[in-house]
Amino acid sequence: MSETFNLAEATLKAIQDRRSIREYSAEPVSDEDLNLILEAARQAPSGENAQPWRFIVVKDEATRKKLGDISGGGSGRRFTAEFMTKKMQQRFATLEDEAKKKAAYEKLTSGAVSMFAAAAPVNIIVIGRKDVWDLPYDTSAAIENILLMVTALGLGACWVIAPCIDVRDEIRLRKLLNIPEEYKAVSLISIGHPTRPHRPRPRMALKDIVFEEAFGNPYYKEEA
Amino acid sequence: MSEKAISHAYLNGLVFDLEKAFWDERGRGCRFRMMEVGREIYESDCKTRIQSAEIPAIVSAVQEVLIEKGIVGSVNCAQEDPTLIVSVQGCLHLPVEDRMLEKGIEPFTCVPANLIIMGIEDKLNRQVELAEIKCENGVCQLLLVVFDRPAAVV
């Protein structure tokens, strides 16, 4: 039996149900769903209504493989550097299960954590025109719209910055997708059908992140 | 335009302001956006001087260029697979790093490191990560990690 929500409830549900999904079934994403996802992106807020975003839809298997290689390479380098400088060990210090800790280190330092673009039926690469004031904000708003529509459609997605965060990987991505110099590669969004449900990730309490009138003065006095 | 050399204090003041402005905008992500700084020097001065596809030869060529230009006093390296530890002494830009540290910001970019990394990626086709920059007593110690993964993915 389907549930009924008013608009506010439905909006909050899409926001709260969103997960970062990195494993997908082989089922393709339909063109109808992809159209809705891209329409949601197009409707994002934009400073000066500049709409700097452009979207490259990648389904080709060989290109997806290269996206996975670029993403995995970048993540693997960064996480290995974290491991070599002991920062990763500090991050996982509270995890007592040694086997889980070892598996996490392996997944991160190998770059496997970001290689899933290769297996996603669809990847949307979000790029933005540089000759505007608000490129990172506009494109990020478009990406969030993508993620919420994906959730509303019962699909899964992950926002991947791995192929863009390091300028060297961004150069590789630009070359792969023939992205012109006047555009910045912002992120990759992998989309597909989730293979299993995922638990929500913890969020900080509102009382710890919201201030009244000026920084430091809690807006919420009690747990909210 | 005057050919008179500009003062190091003026140069480093500008470099600090630029780095600080970038840090304020991008935070710790700065490091990954600065890896191409020095590309022109690499292409015009370092690339042809690297005589063999060996890491010590790459470091040596970069050292030669940087000493010639009056940027550093010396560059030395020690390899312990998969790491490469590079010591840079007498760097012209050390005051920038000192000011960053005064502000509580870990140094996040280093031209000698970038040039060496460009050389390794170019001549050995291996990816490299700049893991850490430590500056103490006038010496910068750079921790690089060299991967087997090819630099030319595409």
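The values are calculated or read from the model by the stated rules, or taken from the named source; none is laboratory data. Keep in mind that this is a model prediction, so the values were computed, not measured. Because the Cβ atoms are built from the backbone with ideal geometry, glycine has one as well, and the counts that use them run over all protein chains shown.
Tell me yes or no: at least one residue of the range A:132-139 is in a strand (DSSP E or B), under 17 Å from the mean Cα position of the chain (by Cα) and polar (S, T, N, Q). No: the range A:132-139 contains no residue that is in a strand (DSSP E or B), under 17 Å from the mean Cα position of the chain (by Cα) and polar (S, T, N, Q).
Which of the following residues is touching a Lys or Arg at 6+ places or on another chain (Cβ under 6 Å) and either loosely packed, with under 15 Cβ neighbours inside 10 Å or of a type in the set (Ser, Thr, Tyr) (or both): B:ALA53, B:ALA5?
Residue meeting the stated conditions: B:ALA53.
Which ones in the range A:172-220 are aromatic (Phe, Trp, Tyr) and surrounded by fewer than 14 Cβ atoms within 10 Å (Cβ to Cβ)?
Initially, the range A:172-220 is screened for residues aromatic (Phe, Trp, Tyr), giving A:183, A:211, A:215, A:219-220.
A:PHE211, A:PHE215, A:TYR219, listed by residue number.
All conditions in (1) surrounded by 11 or more Cβ atoms within 10 Å (Cβ to Cβ); (2) away from chain B (no Cβ under 14 Å); (3) over 16 Å from the mean Cα position of the chain (by Cα); (4) among the β-branched types (Val, Ile, Thr) hold for A:THR63, with the sole exception of (2). Residues in the range B:1-58 that are under 16 Å from the mean Cα position of the chain (by Cα), away from chain A (no Cβ under 14 Å) and outside any helix (DSSP H, G or I): 0 in all. Cβ-Cβ contacts under 7 Å between residues 6 or more apart (or on different chains), taken from a first residue in the range A:164-182 that is more than 7 Å from chain B (Cβ to nearest Cβ) to a second residue that is among the charged types (D, E, K, R), are listed as A:CYS164/A:GLU170; A:GLU182/A:ARG129; A:GLU182/A:LYS130; A:GLU182/A:ASP131.
Return the residue satisfying two criteria in turn: it lies in the range B:85-117 and is free of Cβ contacts under 8 Å to residues at least 40 places away in the same chain and part of a helix (DSSP H, G or I), and of such residues it is surrounded by the fewest Cβ atoms within 10 Å (Cβ to Cβ). Ranking the candidates gives B:GLU102 first. Checking each residue in the range A:9-36 for being touching a strand residue (DSSP E or B) at 6+ places or on another chain (Cβ under 7 Å) and part of a helix (DSSP H, G or I) picks out only A:LEU34. Residue under question is A:ASN123, and the condition is that it be among the polar types (S, T, N, Q) and assigned to a helix (DSSP H, G or I); does it hold? No, not satisfied.
Residues to consider are B:ALA53, B:ALA78; find the one that is farther than 21 Å from A:LYS87 by Cα and at pLDDT below 95. Walk me through it before giving the result.
Numbers: B:ALA78 fails: at pLDDT below 95.
Testing whether each residue is farther than 21 Å from A:LYS87 by Cα and at pLDDT below 95 leaves just B:ALA53.
Candidates in the range B:96-140 are the residues that are within 14 Å of chain A (Cβ to nearest Cβ) and either small (Gly, Ala, Ser) or at positive phi (or both); of these, the one that is farthest from the chain's Cα centre (by Cα) is B:ASN125.
Can B:PRO150 be described as modelled with pLDDT under 95, within 14 Å of chain A (Cβ to nearest Cβ) and not in a helix (DSSP H, G or I)? Don't jump to the end; show me each part of the working.
On the way: modelled with pLDDT under 95: yes; within 14 Å of chain A (Cβ to nearest Cβ): yes; not in a helix (DSSP H, G or I): yes.
Against the criterion (modelled with pLDDT under 95, within 14 Å of chain A (Cβ to nearest Cβ) and not in a helix (DSSP H, G or I)), B:PRO150 qualifies.
Taking the range A:119-135, which residues are under 15 Å from A:ILE56 (Cα atoms) and small (Gly, Ala, Ser)?
In the first step, residues of the range A:119-135 are kept if they are under 15 Å from A:ILE56 (Cα atoms); the result is A:120-129.
Hits for the range A:119-135 are A:ALA120, A:GLY128.
Residues of the range A:144-167 that are surrounded by fewer than 20 Cβ atoms within 10 Å (Cβ to Cβ) and outside any loop (DSSP other than H, G, I, E, B): A:GLU144, A:ASN145, A:LEU148, A:THR151, A:ALA152, A:TRP159, A:VAL167.
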